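The values are calculated or read from the model by the stated rules, or taken from the named source; none is laboratory data. Computed from a predicted model, the values in this text were never measured in an experiment. Here Cβ is always computed from backbone atoms with ideal geometry, including for glycine, and neighbour counts include all displayed protein chains.
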Amino acid sequence: MEEKRICINCGKYIGAREVCPYCGEEQPKPIGIEFLKWTSIIIATGGLIFLFISARVSEAPLIKIKDLKPTMNFAKISMKGIVESSPYYNEERGGYFSFWLNDGTGSIKVRAFKNVARELIEKETYPCLGDSVYVTGILYTRENFLLTINDINDIKVKIPQAKKLLIKDITDTLEGQRIETEGTVFYIREYRNKSIGMRIGDKGSFITVYIPFYYKNKEKVLALEKRTVIKVKGVVPIYKEKPEIIPHYVSDIKIIGRKEIKVEGKILKGEVKTGYAFKKGIKIKIETEEGEKEVLLWKKTFKRYKRNVQNLLTGAVVEFEIYEKEYKGKEEYVVRKFNILSYPEKILKIKELLERNYGEFLKTKGKIVDLREFKPGAKITIEDNTGKLTVWIWRDIWEEVKDFLKFGKTLIIAGEFKEFRGKPELVPRVSEDIIISE
Amino acid sequence: MSILYALLISVGGTFIGILFSWIPALHIYNILALFVFIQAETSLIPSNLIPFFFAGCITGYAFAGTLPAIYFSTNDDTTLFYLLPAQKFLMYGKGHEAVLLSLTGSLGTSLLIFFSAFFLPYILPPLKDLLISHVPWILASIGAFMILSEWPRTTDRPKTKIGRLKEAWGSLFMGVIVFFLSGFLGYIVMRGGVLAPETSFQNLMPLFLGLFAIPWLILNIVSNPILPKQEIEDKIMTTYPKILRGIFAGSLGGGLAAFFPVITGGIGAFLAGHATAQRGDDVFIIGQGANRFLYYVGGFLLFFVPFLHIRRGGAAWMLNIFYSPTSFSEYFLMVGIILISSVLSFYLTLQISKTIAKNLTKIPYGTLSVIIIIFIVLLTFFIMGIKGIIVLTVATGIGLLPPLFGTRRLNCLGALILPLTIQMSSFSGSISKIIGF
């Protein structure tokens with residue numbers, strides 16, 4: 001141990017200093033301090049080099065999820081397993097990528113941030129559901145364990161071989177497995193989050209091919225035309241209880257030709273019962289020999305029938321040429337053409353109309369006695385010698401008819417008879433439902 | 001969970017915190033690390049009581065940690081700035097007054113926390129959202145400011161121009177060297193996986209003990225200080241406005257350090273000192289007490305603030321291994337516990353300070369330093385194994401450079417600032433590619 005360090009000039013205590021802080025006198029260099037200086041430089045630099053080399057050459061230990069302990073927080077470890085969920089990517093705050101890894105003993109969330117996440121996407125080194133992954137990262141202990149990747153080279157992905165299958169054989173039992181199939185493109189839809197859903201079919205079976213928004217070259221999928229026959233390789237996830245296909249890359253979708261799709265038409269004959277109109281179409285319930293069915297008549301199809309429009313009323317017997325379509329997992333009959341075989345020719349008096357049931361398509365005649373315009377549409381009141389009736393006309397129809405609907409004019413109006421705030425009203429389905437009486 | 005149990009365990013924690021905190025160079029986080037190690041194996045206390053035990057320990061440390069800083073040495077970076085004014089007080093035999101000033105700052109800040117607790121859940125979460133994306137450049141700026149604000153320590157003694165130039169720029173150059181060496185060491189420890197996975201929760205422990213604690217103990221052994229007889233009267237020579245100024249300045253630094261990641265109490269005090277231009281040793285020491293309290297205890301409390309739940313400081317990180325807060329009631333209970341622990345810590349620390357002041361000249365300081373070094377080495381070996389000892393040795397080598405070459409010890413915080421700035425920045429992957437891990 002050193003002597004007490006006193007200034008040789010003023011005699012004050014100076015500790016480890018080489019120059020007295022009180023009088024400025026240079027002090028003889030103590031051997032201990034000189035020795036410490038050199039030793040610390042050697043230990044600092046030599047030790048750093050040693051630690052650096054040892055960090056570079058040593059492999060992070062491979063650890064099973066069941067062996068993880070809370071005290072391993074911040075440990076650099078490696079893990080090996082299968083990706084058990086479709087990866088999640090978010091571009092906000094510089095980028096975030098994550099997926100769940102299962103090694104047979106448990107699951108762990110693996111994640112990457114910012115440029116590492118972005119690089120995984122840009123260089124297409126991300127894993128997909130079902131892939132085998134060897135990943136090295138820093139472990140974080142929270143409520144669950146989390147593994148953070150700090151370099152894209154820290155993740156090695158092995159894509160399993162694809163099994164060749166027909167679309168009809170792809171069931172939910174194949175979840176997480178990689179398959180290869182062929183089908184014809186029926187439609188392609190870009191969702192709000194910029195991901196793409198492509199419906200492909202083969203011999204009456206259909207499946208959706210889902211392209212996540214972050215995939216490179218996804219515009220190539222959008223450019224595919226309907227009826228293109230494609231071959232697609234990808235993993236099978238289950239979405240809303242139905243199997244889908246997610247390719248690993250856009251290049252997993254290959255065009256193999258074009259096919260003319262012949263959609264068989266089907267005739268459905270029955271009596272119109274009730275129905276309702278929505279913005280772009282009309283749902284009509286008809287009574288057929290096979291029981292009650294519901295058909296969808298697009299308004300643009302309906303409007304082609306001009307004067308005949310007014311005859312599609314409750315009680316009319318109609319022959320619909322329809323095709324079947326899947327919508328939200330349900331079958332739907334979409335009207336391609338229709339032919340009205342008979343219809344109720346009598347125009348109802350307002351009093352008679354008011355005695356009918358809500359939901360029916362009815363026709364009446366009356367003189368305009370009141371007319372008020374609102375933002376969503378216009379409300380007119382018609383009158384005949386039996387009573388008064390409110391007619392509500394939506395804005396899109398109103399724009400087409402407002403020029404000839406004037407106070408005092410007599411109208412023949414067909415439409416959906418419904419209730420609004422406890423009061424009956426007639427709502428024309430299309431502008432052709434409104435005619436000026438001669 | 002009964003409030004009574006929470007209170008009892010926090011009082012126990014306060015006693016443990018104070019028991020270990022007066023020992024020079026021993027950090028409460030090292031004791032908590034030992035606890036975590038044992039708790040993980042044995043489930044010593046129920047997990048819902050651990051936060052209150054931690055709160056007691058940290059509050060005790062925030063108060064009693066002042067004692068070694070003023071009487072013996074500095075044991076972590078938050079006490080670096082005590083040194084000049086506290087040494088002055090000590091040399092005039094007023095070490096106990098310096099302790100009392102610091103405790104006043106800490107107690108005042110505990111009241112500040114208590115009264116602001118009702119607003120924090122509404123102020124801090126949006127503030128965090130606002131600042132989170134700016135953290136990397138703020139940290140980089142602080143690192144740059146630390147290096148740039150070094151000044152040439154010249155005495156005009158060397159005879160030649162070259163000699164004077166060397167003397168002037170030597171310390172500045174060494175400051176930069178220390179910042180980058182410690183930064184590189186921090187990067188290796190955090191990212192290189194040199195420590196065993198089972199002990200990684202405490203990978204900063206050998207780093208900080210090596211950078212701050214052991215170098216100071218070694219220098220104390222070498223320089224062997226002479227200390228005068230101390231007065232032990234419970235009085236402070238200051239005014240209420242000065243107390244308020246000290247608390248304000250200290251809270252600014254401590255608040256900054258508690259809220260921002262990576263910024264430690266030492267850096268917070270350094271920045272606040274520059275920002276508020278404090279004058280007067282009494283204001284300075286009160287400010288340091290406030291800064292220290294807010295950094296440790298305030299930072300820990302942020303983990304419990306509803307809608308925020310950020311982990312600041314080693315204690316919150318360690319606690320998160322066992323526990324996650326979920327409700328307002330836990331938060332307000334924690335605020336109350338902290339206030340009670342603060343009052344208890346204030347009086348206990350005061351009594352220990354009197355005992356130390358009375359016996360200061362009798363304490364064999366060199367022997368005490370040697371014993372503490374041995375204890376630190378054994379503790380590191382017990383928790384981290386031989387790899388921990390290697391990191392401790394290298395960190396000690398770097399930690400010795402600032403006092404031996406006359407540069408700021410604060411530059412050692414490059415060990416945190418550099419790797420975490422890299423991690424939060426967008427070029428983390430590129431750096432990793434260059435370095436190889």
Screening A:E143, A:E122 for residues that are at the interface with chain B (Cβ under 9 Å from one of its Cβ atoms) and either surrounded by fewer than 16 Cβ atoms within 10 Å (Cβ to Cβ) or touching a His at 6+ places or on another chain (Cβ under 9 Å) (or both) leaves only A:E143
The correct count of residues that are free of Cβ contacts under 8 Å to residues at least 60 places away in the same chain, over 23 Å from the mean Cα position of the chain (by Cα) and either at the interface with chain B (Cβ under 10 Å from one of its Cβ atoms) or closer than 21 Å to A:N193 by Cβ (or both) in segment A:77-112 is 1
If you go through segment B:410-429 one residue at a time, how many are of a type in the set (V, I, T) and over 18 Å from the mean Cα position of the chain (by Cα)? 2
How many residues are of a type in the set (A, V, I, L, M), within 28 Å of A:K266 (Cβ to Cβ) and either more than 44 Å from the chain's Cα centre (by Cα) or surrounded by fewer than 18 Cβ atoms within 10 Å (Cβ to Cβ) (or both) if we restrict to segment A:335-372? 2
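Per-residue answers, yes or no, for (1) surrounded by 20 or more Cβ atoms within 10 Å (Cβ to Cβ); (2) modelled with pLDDT of 85 or more; (3) not β-branched (V, I, T):
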residue: B:K229; (1), (2), (3): no, no, yes
residue: B:T238; (1), (2), (3): yes, no, no
residue: B:G246; (1), (2), (3): yes, yes, yes
residue: B:G265; (1), (2), (3): yes, no, yes
residue: B:G289; (1), (2), (3): yes, yes, yes
Could you grab me the full set of residues in segment B:306-339 that are within 14 Å of chain A (Cβ to nearest Cβ), out of contact with any strand residue (DSSP E or B) (no Cβ under 7 Å at 6 or more places or on another chain) and hydrophobic (A, V, I, L, M, F, W, C)? B:I310, B:A315, B:A316, B:W317, B:M318, B:L319, B:F322
Enumeration of residues in segment B:1-32 that are surrounded by 24 or more Cβ atoms within 10 Å (Cβ to Cβ), among the aliphatic types (A, V, I, L, M) and part of a helix (DSSP H, G or I): B:I18, B:I28, B:L32
Segment A:316-349, residues that are modelled with pLDDT under 80 and closer than 25 Å to A:L426 by Cα: none
Which of the residues belonging to segment B:41-97 are among the charged types (D, E, K, R) and at pLDDT below 90? B:E41, B:D76, B:D77, B:K88, B:K94
Which ones in segment B:291-322 are surrounded by fewer than 22 Cβ atoms within 10 Å (Cβ to Cβ) and either under 12 Å from the mean Cα position of the chain (by Cα) or among the aromatic types (F, W, Y) (or both)? B:F307, B:W317, B:F322
Scan segment B:204-219 and give yes if some residue there is modelled with pLDDT of 85 or more, within 9 Å of chain A (Cβ to nearest Cβ) and either in contact with a helix residue (DSSP H, G or I) (Cβ under 6 Å, 6 or more places away or on another chain) or not in a loop (DSSP other than H, G, I, E, B) (or both), otherwise no. yes
Does B:V343 fit the bill of being within 14 Å of chain A (Cβ to nearest Cβ) and at pLDDT 90 or above? no
Considering B:G193, B:G210, which residue is in contact with a Lys or Arg (Cβ under 8 Å, 6 or more places away or on another chain), buried (at least 22 other Cβ atoms within 10 Å of the Cβ), in contact (Cβ under 8 Å) with a residue 40 or more places away in the chain and not basic (K, R)? B:G193
Looking at B:L413, is it at the interface with chain A (Cβ under 8 Å from one of its Cβ atoms) and surrounded by 23 or more Cβ atoms within 10 Å (Cβ to Cβ)? no
Of the listed residues (B:I177, B:I188), the one being over 30 Å from B:T109 (Cβ atoms), within 14 Å of another protein chain (Cβ to nearest Cβ), surrounded by fewer than 22 Cβ atoms within 10 Å (Cβ to Cβ) and modelled with pLDDT of 85 or more is B:I177
Kindly indicate whether B:I383 is within 11 Å of chain A (Cβ to nearest Cβ), in a helix (DSSP H, G or I) and at pLDDT 90 or above. no
Would you pick out the residues in segment A:282-309 that are within 13 Å of A:Y343 (Cα to Cα) and in contact with an Asp or Glu (Cβ under 6 Å, 6 or more places away or on another chain)? A:V309
Among the residues in segment A:68-75, are any surrounded by fewer than 17 Cβ atoms within 10 Å (Cβ to Cβ) and either in the same structural domain as A:T136 (by TED's automatic domain parsing) or of a type in the set (D, E) (or both)? yes
Among the residues of segment A:221-236, write down those that are part of a loop (DSSP other than H, G, I, E, B) and touching a Cys at 6+ places or on another chain (Cβ under 9 Å). none
In segment A:405-427, the residues that are within 13 Å of A:K365 (Cα to Cα) and either assigned to a strand (DSSP E or B) or modelled with pLDDT of 90 or more (or both): A:T410, A:L411, A:I412, A:I413, A:A414, A:G415, A:L426
Just give me the residues in segment A:18-66 being of a type in the set (G, A, S) and either assigned to a loop (DSSP other than H, G, I, E, B) or more than 7 Å from every other protein chain (Cβ to nearest Cβ) (or both), in sequence order. A:G24, A:G46, A:S58, A:A60
Could you please let me know if A:T228 is more than 23 Å from A:P127 (Cα to Cα) and either buried (at least 17 other Cβ atoms within 10 Å of the Cβ) or not assigned by TED's automatic domain parsing to the domain that holds A:F97 (or both)? yes
Can you give me the number of residues within segment A:88-112 that are buried (at least 19 other Cβ atoms within 10 Å of the Cβ) and at pLDDT below 90? 1
